[in-house]
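Structure, as structure tokens:
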Amino acid sequence: MNNEQLKHNLTSTDHWLRLLFMVLFVILMEVAGMVMLATIVLQFLFSIVSGTPNDNLRQLGSQIASYIYQILQFLIYNTEEKPFPFAEWPQP
């Protein structure tokens, strides 16, 4: 890589804008992780009380897992498609 290419890469707004999106999605992933933890605890408690898992919580857990996967794919540059809220919420 020559100096001109490096200078172009460092001054390109695309790279810095992506960094901002990456920071945003890391924060959203942390929030999604906390919601997932709450979903896990609620599902466990529901299954103890009722004897069976709650289908709505199972569906929510699946959606959150898909969302976290989409975020990780964006963060490691496997896709340029931004996850929710820039795309539809993942469906199971």
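The figures follow:
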item: Estimated FRET transfer efficiency (LEU28, HIS8; beta-carbon r; R0 25 Å; 0.05); result: 0.25
item: Tail fraction, Cα-Cα pairs, the chain, threshold 22 Å, whole percent; result: 44
item: Mean separation of Cα contacts under 8 Å (6+ apart) over length of the chain, as relative contact order %; result: 23
item: Virtual paramagnetic centre 7 Å along Cα→Cβ of LEU19, amide N under 18 Å, in region 58-92; result: 75-77
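A short reminder: the numbers here are calculations on the coordinates, not readings from a lab. This is a predicted model, so every value here is computed, not measured. Positions of Cβ are backbone-derived with ideal geometry, glycine not excepted, and every protein chain shown enters the neighbour counts.
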